[in-house]
Amino acid sequence: MAHIYIQVTDDDFNVSDEMSKMTKGRSDIGALVSFTGFVRDMHNEKPIKKLTLEHFPLMAEKQLLNIAQKAEERWKVTDITIIHRYGGLYPSDQIVLVLAASAHRKDAFAAGEFMMDWLKTDAPFWKKEQTEQGEDWVQSKSDDINQKNRWT
């Protein structure tokens, strides 16, 4: 059974610290895959001034745990970390961290990619972009849905 760590926070995270927490003193981990998502400075050819992420705390944590457990069921992973931020973020700020550790790289890569594909569509976060033209809620993209559906 994998060790799963989920955090939904308005604080920034340190990728190196999170990786060290997962691997310190461990000799059973042969691969650690990480994905860090950042706020882009442009969306649909509009400069982004600010991105606000809203969520329902218990719902978000429950769904992130559900996604991690689905990855654990499919691949031989030893550890999973998902950290997702909310609140006001600016271009180049970190939004999400996904770590997947396993004895072998294939499982770690697949689990990490799977979790990110599911997070993009199933994590209950609502994003509002602030641009020079005003504020708009970000809509789901068909590409994200297609990426998730390839795992079913």
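State the number of residues belonging to segment 96-152 that are within 23 Å of Trp75 (Cβ to Cβ), at pLDDT 85 or above and of a type outside the set (Phe, Trp, Tyr).
Residues that pass the stated criteria total 26.
Test of understanding: among Glu132, Glu54, which residue is touching a residue at least 12 places away in the same chain (Cβ under 8 Å), surrounded by fewer than 13 Cβ atoms within 10 Å (Cβ to Cβ) and of a type in the set (Asp, Glu)?
That would be Glu132, the only listed residue that is touching a residue at least 12 places away in the same chain (Cβ under 8 Å), surrounded by fewer than 13 Cβ atoms within 10 Å (Cβ to Cβ) and of a type in the set (Asp, Glu).
Out of Ala108, Ala103, I need the residue that is in contact (Cβ under 8 Å) with a residue 60 or more places away in the chain, crowded, with 17+ Cβ neighbours inside 10 Å and in contact with a Ser or Thr (Cβ under 8 Å, 6 or more places away or on another chain). Which one?
Values: Ala103 fails: crowded, with 17+ Cβ neighbours inside 10 Å.
After ruling out the rest, the residue left standing is Ala108.
Among (1) over 11 Å from the mean Cα position of the chain (by Cα); (2) modelled with pLDDT of 95 or more, there is one condition Pro57 misses while meeting the rest; what is its number?
(2)
Any chance segment 132-144 includes a residue that's hydrophobic (A, V, I, L, M, F, W, C), out of contact with any Cys (no Cβ under 8 Å at 6 or more places or on another chain) and within 21 Å of Asn14 (Cα to Cα)? Write out each step before concluding.
Quick first cut of segment 132-144, residues hydrophobic (A, V, I, L, M, F, W, C) only: 137-138.
Okay, now just the ones that are also out of contact with any Cys (no Cβ under 8 Å at 6 or more places or on another chain), so 137-138.
Restricting the remaining residues to those that are within 21 Å of Asn14 (Cα to Cα) gives none.
Within segment 132-144, not a single residue is hydrophobic (A, V, I, L, M, F, W, C), out of contact with any Cys (no Cβ under 8 Å at 6 or more places or on another chain) and within 21 Å of Asn14 (Cα to Cα).
Quick check: is even one residue across segment 41-49 basic (Lys, Arg) and either crowded, with 17+ Cβ neighbours inside 10 Å or within 26 Å of Asp107 (Cβ to Cβ) (or both)?
Within segment 41-49 (the criterion being basic (Lys, Arg) and either crowded, with 17+ Cβ neighbours inside 10 Å or within 26 Å of Asp107 (Cβ to Cβ) (or both)), the answer is no, since none of the residues qualifies.
Only one of Val96, Val77 is of a type in the set (Val, Ile, Thr) and within 15 Å of the chain's Cα centre (by Cα). Can you tell me which?
Unique residue meeting the criteria: Val96.
All but one of (1) over 15 Å from Gln130 (Cα atoms); (2) surrounded by fewer than 17 Cβ atoms within 10 Å (Cβ to Cβ); (3) among the basic types (Lys, Arg) hold for Arg85; which doesn't?
(2)
Whether any residue in segment 79-92 is at pLDDT 95 or above and part of a helix (DSSP H, G or I) is what I want to check.
no
List, please: which pairs have Cβ atoms under 9 Å, are six or more places apart or on different chains, and start with a residue in segment 23-34 that is hydroxyl-bearing (Ser, Thr, Tyr) and end with one that is surrounded by 10 or more Cβ atoms within 10 Å (Cβ to Cβ) and in a loop (DSSP other than H, G, I, E, B)?
Thr23/Ile29
From Glu18, Glu61, grab the single residue that is touching a Ser or Thr at 6+ places or on another chain (Cβ under 7 Å) and either assigned to a strand (DSSP E or B) or in contact (Cβ under 8 Å) with a residue 40 or more places away in the chain (or both).
Details: Glu61 fails: touching a Ser or Thr at 6+ places or on another chain (Cβ under 7 Å).
From the options Glu18, Glu61, the qualifying one is Glu18.
The values are calculated or read from the model by the stated rules, or taken from the named source; none is laboratory data. What you see is a predicted model, and the numbers here were worked out from it, not measured in a lab. As a convention, Cβ positions derive from the backbone with ideal geometry for all residues, glycine included, and neighbour counts pool all protein chains shown.
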